[in-house]
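Working notes for the structure below.
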Amino acid sequence: MAGDRPLVQGTPLLEARGLTRILPGVVPVTLVQNVSFTIGCGEFVAITGPSGSGKSSLLYLLGLLDRPTAGEVLIHGKATHTLPKKDLARIRLEQIGFVFQFHFLLPEFSARDNVMIPMQRLGALTPKQQKTRATDLLKNFGLADYVDRLPAELSGGQRQRVAVARALANAPRLILADEPTGSLDSRATEQVFDTLQSIVTETGTSIVAVTHDMDLASRMQRRIHLVDGAIDTDQILPPSVRD
Amino acid sequence: MNLLFKIAGTHVRNRLRQTIVSTLGVALGVGFSIAMAALMQGSQRDFVESLINAIPHVEIRDEKRDPTLQPASRFYQAVAFHGLRPLDDIGGIRNPTEAMASLRDWVDGNLAQQLSGQAVLRYSGQDLGMTLVGVVPTDELSVSTIKDDMRRGRFEDLATTPDSLVIGDSAAGRLGADLGDTVTVTSASGLSKRFKIVGIFHKGVSASDEALAYAPLKAVQILLEKPNVINRITLRLDTIAEAPAVAERAERQLGYKAVSWEEANEGLMEAFAVRNVIMYTVVGAILVVAGFGIFNIISTIVHEKARDIAILKSLGFPEHDIQLIFVLEGLVIGILGALAGCLLGYGLSSYLSTIRFEFSVGREMTHLPIYMSVWHYAIASGIALISAGVAGFFPARRAARLNPVDIIRGAT
């Protein structure tokens, strides 16, 4: 479990240096422009901004799903822009968990099997341990009774929590969430937000979440506001504001 | 790997109907290929069998592999000679008794000696040029199927009746001669002798039926003025496969040209080889078509499962894994198809072998000749698997190269 790891607050877990992403074409489109920041362990960061401000594009760059046109992403101080795709996949598998706006579960696999998929690929645990861990994760998120259900048999909020459990499967240090509550009603939003919050406080895993929900963003520890692909404000929110 | 199998399995099951259709495509391809191969090779073996029954397995002739040198060229190193009178060679295998005895020592099978030459048969004012073959009747019967070809009279009577003749039915018809008639036979050098017809054969080969006549060896040696000479030894072996080896050894031993049935029918063997190439090309084409079916379904799955591919990639599955999933799907269809195809092929060839035919003319073929071989199954299945793998490979590569960001963006 991630909680077992020695945790030093403020260690630069992730560092973005002058990140720029330009979509090539007849008229090149600048998605992200010269973005730099660092994220330490145990941070809960919101990336906000109007639509089209490059929030999601930035998240894909941070998650090594996309390569920047310029600049670089460092994970634990290690440069990643020169690594081959195979190594990037390995870093995603071991250290980064993704949660998307839509649940993105494999439809033919049960909730527990979906959570087990990253563990099976990594192969660090025995099949029995994998099953136990998947069940435990789902239990933590209040899904103890739904482990054997297929995604289609779950509600939107439940699916999204399964997706969060899957993101946590290999105990990553960083979870990247792209509008994790974007398709949920207010009650389900609340449940998922609480789940994410508990992960940060209990395991020290950092979460970077893209959201356009300013109310939700204001409850996180830190807010990075993007306008036209560049950082407009990057502020740490004092606890008083959050509550 | 287990996980990849599981994912591949769910994809294939999800598109069950299409999977079954493409599996059937492969199965039909493999099944028909196997049945066709069994039929082709069966008919080839059937044909070769009847061929080697009708001709000698090894034939030794009074020829040399290399032309005989004239005495002058043996003594002088010259480019050409003019005005030389060539040495007359009486030809034939001399001292046949000794040659036959030395062969009998080691050859497993039967031998027969012949002396053949050209002669003209005359009867009731009709002349007919023929090849006259002098035989020892009992020996000849042991190496050929002439007994089965006899229409009237008995071949054995050549041994008991002096100056007797067995001729083809066409020749008899053209001469207007019948069993028991006496014809005049004139050799190239002008010698004449009277022979009595004691048998008429029909081989179904017009060259033989029109222009071949058998007579006792001694009588022919006298007529052709070649006493104690033969020019052909025919062998019928117990083991046909030994023919080339026996031919080689006999040639080394006697110094005369010995030809095995395979060498004599080289053109035919080549034709069979070409036929096999054509067959496997057709088989390959059938399976390539089946491969397109596989390509089609896997392309569809890749298209449908683009989102799953993006998920797996974002979870940290390398491209190699994604590609493997879809290649596996192709192979699963290929393997299932090949197995079903082997069963179908076996059923088809078993059924074909029970079909009966009746031919009014010529040699009767009672049923389709079917030859089953493990190789047919192995080759057809192998080609099916290769084409399934290739058919899976291209969509799989496309899947592996899909950019997850494009898909996630498209979905949100």
Condition test on B:ALA243, is it among the small types (Gly, Ala, Ser), touching a His at 6+ places or on another chain (Cβ under 6 Å) and closer than 28 Å to B:THR145 by Cα? yes
Selected residue (criterion: modelled with the lowest pLDDT) from residues of the stretch B:247-274 that are crowded, with 17+ Cβ neighbours inside 10 Å and polar (S, T, N, Q): B:ASN265
Quick check: anything in the stretch B:235-245 in contact with a Lys or Arg (Cβ under 9 Å, 6 or more places away or on another chain) and assigned by TED's automatic domain parsing to the domain that holds B:MET150? no
Given (1) within 14 Å of chain B (Cβ to nearest Cβ); (2) more than 21 Å from A:LEU196 (Cβ to Cβ), A:PRO28 misses just (1)
(1) away from chain A (no Cβ under 14 Å); (2) buried (at least 18 other Cβ atoms within 10 Å of the Cβ); (3) closer than 22 Å to B:LEU16 by Cβ: which one isn't true of B:ILE301, the others all being true? (1)
Single residue of the stretch A:100-130 satisfying the filter (more than 19 Å from B:ILE322 (Cβ to Cβ) and at the interface with chain B (Cβ under 10 Å from one of its Cβ atoms)) that is modelled with the lowest pLDDT: A:HIS103
Of the listed residues (A:LEU74, A:LEU58), the one being in contact with a strand residue (DSSP E or B) (Cβ under 6 Å, 6 or more places away or on another chain), more than 10 Å from every other protein chain (Cβ to nearest Cβ) and either among the acidic types (Asp, Glu) or surrounded by 18 or more Cβ atoms within 10 Å (Cβ to Cβ) (or both) is A:LEU58
Here is a check on your reading of the model: is B:ILE298 in contact with an Asp or Glu (Cβ under 6 Å, 6 or more places away or on another chain) and touching a residue at least 24 places away in the same chain (Cβ under 8 Å)? yes
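Out of all the residues in the stretch A:133-154, is one or more closer than 26 Å to A:LEU58 by Cα, of a type outside the set (Asp, Glu) and in contact with a helix residue (DSSP H, G or I) (Cβ under 6 Å, 6 or more places away or on another chain)? Walk me through how you get there before you give the answer.
Of the stretch A:133-154, the ones closer than 26 Å to A:LEU58 by Cα are none.
Among the residues of the stretch A:133-154, not one is closer than 26 Å to A:LEU58 by Cα, of a type outside the set (Asp, Glu) and in contact with a helix residue (DSSP H, G or I) (Cβ under 6 Å, 6 or more places away or on another chain), which makes the answer no.
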Among B:ILE233, B:ILE200, B:ILE222, which is the only one that is within 24 Å of B:TRP261 (Cα to Cα) and either without any contact (Cβ under 8 Å) to a residue 60 or more places away in the chain or not charged (D, E, K, R) (or both)? B:ILE233
On the basis of being in contact (Cβ under 8 Å) with a residue 60 or more places away in the chain, at negative phi, surrounded by fewer than 18 Cβ atoms within 10 Å (Cβ to Cβ) and away from chain B (no Cβ under 14 Å), does A:ALA144 make the cut? no
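Only one of B:GLN118, B:GLN126, B:GLN70 is free of Cβ contacts under 8 Å to residues at least 24 places away in the same chain and of a type in the set (S, T, N, Q). Can you tell me which?
Numbers: B:GLN118 fails: free of Cβ contacts under 8 Å to residues at least 24 places away in the same chain; B:GLN126 fails: free of Cβ contacts under 8 Å to residues at least 24 places away in the same chain.
Answer to the selection: B:GLN70.
Of the residues A:ILE96, A:ILE39, A:ILE47, only one is facing another protein chain (nearest Cβ under 8 Å) and either in contact (Cβ under 8 Å) with a residue 24 or more places away in the chain or surrounded by 16 or more Cβ atoms within 10 Å (Cβ to Cβ) (or both); which?
On the way: A:ILE39 fails: facing another protein chain (nearest Cβ under 8 Å); A:ILE47 fails: facing another protein chain (nearest Cβ under 8 Å).
Just one listed residue meets the conditions, A:ILE96.
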Test of understanding: among B:PHE272, B:PHE292, which residue is within 28 Å of the chain's Cα centre (by Cα) and among the aromatic types (Phe, Trp, Tyr)? B:PHE272
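Hey, can you tell me all the residues within the stretch B:378-393 that are aliphatic (A, V, I, L, M) and over 27 Å from the mean Cα position of the chain (by Cα)? Quick ask: steps written out before the conclusion?
Of the residues in the stretch B:378-393, the ones aliphatic (A, V, I, L, M) are B:378-380, B:383-386, B:388, B:390-391.
Residues satisfying the conditions are B:LEU385, B:ILE386, B:ALA388, B:VAL390, B:ALA391.
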Go through the residues of the stretch B:345-361 one by one and say whether even a single one is more than 25 Å from A:ARG90 (Cα to Cα), of a type in the set (Lys, Arg) and more than 14 Å from chain A (Cβ to nearest Cβ). yes
Can you confirm whether the stretch B:248-255 contains a residue that is outside the structural domain of B:PHE393 (by TED's automatic domain parsing), touching a strand residue (DSSP E or B) at 6+ places or on another chain (Cβ under 9 Å) and either of a type in the set (Ser, Thr, Tyr) or within 19 Å of B:GLU49 (Cα to Cα) (or both)? no
For the structure I just gave you, tell me whether B:GLU63 is assigned to a loop (DSSP other than H, G, I, E, B), in contact with a strand residue (DSSP E or B) (Cβ under 7 Å, 6 or more places away or on another chain) and over 30 Å from B:LEU315 (Cβ atoms). yes
Collect the residues in the stretch B:207-246 that are assigned to a loop (DSSP other than H, G, I, E, B) and surrounded by fewer than 17 Cβ atoms within 10 Å (Cβ to Cβ), keeping them in residue-number order. B:GLU225, B:PRO227, B:ASN228, B:ASP238, B:THR239
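Quick one: which of B:ARG13, B:ARG17 is more than 14 Å from chain A (Cβ to nearest Cβ) and free of Cβ contacts under 8 Å to residues at least 60 places away in the same chain? Write out each step before concluding.
Working: B:ARG13 fails: more than 14 Å from chain A (Cβ to nearest Cβ).
One residue alone meets the criteria, B:ARG17.
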Looking for something within 14 Å of chain A (Cβ to nearest Cβ), hydrophobic (A, V, I, L, M, F, W, C) and out of contact with any Asp or Glu (no Cβ under 9 Å at 6 or more places or on another chain) - is there at least one such residue anywhere in the stretch B:93-100? no
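The values are calculated or read from the model by the stated rules, or taken from the named source; none is laboratory data. Keep in mind that this is a model prediction, so the values were computed, not measured. Cβ atoms come from the backbone with ideal geometry, glycine included; neighbour counts cover every protein chain shown.
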